[in-house]
Amino acid sequence: MKFVFTSGIRRLPGDGRPLADLYRDHLEEAVLAEELGFDNVWASEHHFSPDAWNPSPFVFLAAVAARTERVRLGTYVLLLPLRNPVQVAEDVAVLDNISRGRVDLAVGVGSARGEFRALGIPVEERLGRTFEALTVIEKCFAGAEFTHHGRYFRFESVQMTTTPVQQPGPPIWVASMGEQSVARTARRGYHMAAGAGRGHTRYEELLRQFGHDPATRRVASIPIRLHLAETREQAWDEAEAGLHQVLHFYRTRVDPQAGSSAAGALPSLPSVGEFRDVPGIGHGGAPFAVGTPDEVMRALSYYRDKRLTHLSLNFHQPGQDSQSVRRSIALFARELMPAIRAW
């Protein structure tokens, strides 16, 4: 099992602390993750969010690349239908050169309708745009001149002269759950960035059908938000407000068909203080693993037999103090990482 340190850089709405401090904290935590044995550092994106979610993962990952030597760096996930695919290919290539070949490109179709509306992109085009964009990106990585006339994009006589270190290009992952997305991901042989989700088994079946060996494909879990401390009470005191914001975001900003199942299952969102006692939230259920090392291990054991190659772990919740995050990372690395590594 590989361990992914996943950064969703965001804060509690109304938090007056400088964003510069938040980015510094996440950068230092990424460096610590490499020191403690994590295999990957991935960063997510959203746009125009009240919690100031990082809208530019490539810039953050470039800073991580400059401070690290070993960990692989990735987007988890890049909202590809919102972007120009040629410019994405260029950004990926530059980052791959800065990091000397350590980049993974994980993309998703997007789920927050307001982001599409603000950027003038019809949300109903998100699936088609994503996979056409991936076609363009792979042509860019190849380095040969090409012309592309597609349904959503037109490019004339493009030849990307800044090519990536990895050939034929950095690995591509897709956060696929829906039937069409899973089928397209499997047909092209991309890695899956939504393992243990509703499309995982179908993905494996289709890989074989399309002539790909599932043993050669990597599968990362959906992001697991966790926090470890010496006692359950301490863990929840430090992380509860941020985890509450996580579900609030999905309830208010995300398409219900693509959002958090835990958020959708609650008729209303309990207040901070009561949130931790909701069955399936504060008692080891997905999508959170919060408590002592033993309690977190019990929660994570759900993923043991899910045929994953990578476990995506999000340690820093909105509004959390970085010192408590670093203690949690170190506690995980010391108490849980050796056993989970053998899964």
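The values are calculated or read from the model by the stated rules, or taken from the named source; none is laboratory data. Computed from a predicted model, the values in this text were never measured in an experiment. Neighbour counts run over all protein chains shown; Cβ positions are idealised from the backbone, glycine included. Side chains are part of the model used for accessible areas, which takes the heavy atoms of the whole protein and leaves out ligands, DNA and RNA. Shrake-Rupley method; radii C 1.70, N 1.55, O 1.52, S 1.80 Å.
Among the chymotrypsin sites (Phe, Trp or Tyr not before Pro) in the range 131-219, which ones are in a DSSP loop with at most 12 other Cβ atoms within 10 Å of the Cβ? Mind listing them?
On the way: sites: Phe131, Phe141, Phe146, Tyr152, Phe153, Phe155, Trp173, Tyr190, Tyr203, Phe210; in loops: Tyr152, Phe153, Tyr190, Phe210.
Passing both the DSSP loop test and the Cβ count: Phe210.
If I fit a long axis through the Cα atoms of helix 57-67 and take the longest principal axis of the Cα atoms of the chain, what angle between them do I get, 0 to 90°, rounded to 10?
Rounded to the nearest ten degrees, it is 80.
Cα axis of helix 19-35 to longest principal axis of the chain: angle in degrees, 0 to 90, nearest 10?
On a 0 to 90 degree scale, this one is about 90.
What does the charge count around Ile172 come to, taking other residues whose C-beta lies under 10 Å from its C-beta (Lys +1, Arg +1, Asp -1, Glu -1)? Intermediate results must be reported in sequence, preceding the final value.
Details: positive: Arg188; negative: Asp104, Glu138.
Around Ile172, the surrounding residues sum to -1.
Within the chain, what is the longest stretch that has no trypsin sites (Lys or Arg not before Pro) placed in a DSSP loop and near at most 15 other beta-carbon atoms within 10 Å? The partial results should precede the final answer.
Working: sites that count: Arg70, Arg100, Arg151, Arg198, Arg304, Lys306, Arg307.
Looking at the chain, 199-303 is the longest stretch - no exposed trypsin sites (Lys or Arg not before Pro) with at most 15 other Cβ atoms within 10 Å.
Calculated FRET efficiency, Tyr152 and Ala339, Cβ-Cβ r, R0 30 Å, to nearest 0.05?
Working: r = 46 Å, r/R0 = 1.53.
Taking R0 as 30 Å, the efficiency between Tyr152 and Ala339 is 0.05.
Loop-only GluC sites (Glu not before Pro) in the range 129-217, please: DSSP not H, G, I, E or B, and at most 15 other Cβ atoms within 10 Å.
Values: sites: Glu132, Glu138, Glu145, Glu156, Glu179, Glu204, Glu205; in loops: Glu145.
The qualifying sites are Glu145.
Which parts of the range 120-154 would a label at Thr162 reach, counting a residue when its backbone N lies under 18 Å from a point 7 Å out along Cα-to-Cβ?
Under cut-off, by backbone N: 137-145.
Length gain on complete extension for the stretch Asp321 to Asp21, per 0.36 nm per residue less the alpha carbon to alpha carbon distance?
Values: separation 300, 0.36 × 300 = 108.00 nm, distance 1.10 nm.
Here the segment from Asp321 to Asp21 would lengthen by 106.9 nm.
Summing +1 for each Lys or Arg and -1 for each Asp or Glu, what net charge is found among the other residues whose Cβ lies under 12 Å from the Cβ of Val123? Could the numbers behind the result be given before it?
Working: positive: Arg113, Arg117, Arg126, Arg129; negative: Glu115, Glu124, Glu125, Asp255.
Once positives and negatives cancel, what remains is 0.
Of [x] 19.4, 61; [y] 21.0, 64; [z] 34.0, 151, which is the value of Rg and Dmax of the Cα atoms in Å derived from the coordinates here?
From the options [x] 19.4, 61; [y] 21.0, 64; [z] 34.0, 151, the structure gives [x].
Consider all pairwise Cα distances in the range 12-134 and report the whole-number % of them above 23 Å. Write out the running numbers ahead of the final one.
Numbers: 2699 of 7503 pairs.
Result: 36 percent of Cα pairs exceed 23 Å.
In whole percent, and with a 1.4 Å probe on the protein chains, what portion of the accessible area of the range 1-54 is carbon and sulfur?
Numbers: 1090 of 1910 Å².
With neighbouring chains kept in place, the figure for the range 1-54 is 57 percent.
Return a whole-number percent for the relative contact order of the range 94-239, with Cα pairs under 8 Å and 6 or more residues apart as the contact set.
On the way: 181 pairs, mean separation 28.4, N = 146.
For the range 94-239, the relative contact order is 19 percent.
Could you give the accessible area per residue of the chain, probe 1.4 Å, as a whole number in Å²?
Details: 14480 Å² over 343 residues.
Heavy-atom accessible area per residue stands at 42 Å².
In whole Å, what is the distance between the alpha-carbon centres of the range 2-53 and the range 100-154?
What the calculation gives is 24 Å, centre to centre.
Which GluC sites (Glu not before Pro) in the range 34-88 sit in a loop by DSSP (not H, G, I, E or B) and have at most 16 other Cβ atoms within 10 Å of their own Cβ?
For GluC sites (Glu not before Pro) across the range 34-88 that sit outside H, G, I, E and B with at most 16 neighbouring Cβ atoms in 10 Å, the list reads Glu69.
For the range 87-153, just the Cα atoms, rotate onto the principal axes and tell me the three extents in Å, largest first.
Each principal axis gives a Cα extent; for the range 87-153 these are 36, 26, 15 Å.
Treating the beta-carbon of each Lys and Arg as +1 and of each Asp and Glu as -1, no other charges, what is the dipole magnitude of the range 194-246 about its Cα centre, to the nearest 20 debye? All intermediate terms of the calculation are to be shown ahead of the outcome.
On the way: 7 positive and 8 negative charges, 100 e Å.
Here the range 194-246 has a charge dipole of around 480 debye.
Considering only protein heavy atoms and a 1.4 Å probe, what is the carbon-and-sulfur percentage of the accessible area of the range 180-221?
Values: 790 of 1940 Å².
Solvent-exposed carbon and sulfur of the range 180-221 make up 41 percent of the total.
Counting helices only, and only those DSSP H runs with n ≥ 4, report the 222 nm mean residue ellipticity of the chain as the sum of -39,500 (n - 2.57) divided by its residues, in deg cm²/dmol to the nearest 500. Walk me through the numbers on the way to the answer.
Working: 12 runs with 140 residues, N = 343.
Value at 222 nm, helices only: -12500 deg cm²/dmol.
How large is log10 of I(q)/I(0) for the range 137-210 at q = 0.17, 0.21, 0.28 Å⁻¹ when the intensity is taken from the Debye formula with one equal scatterer per alpha-carbon?
For the range 137-210, the Cα-only Debye profile gives -0.76, -0.92, -1.10.
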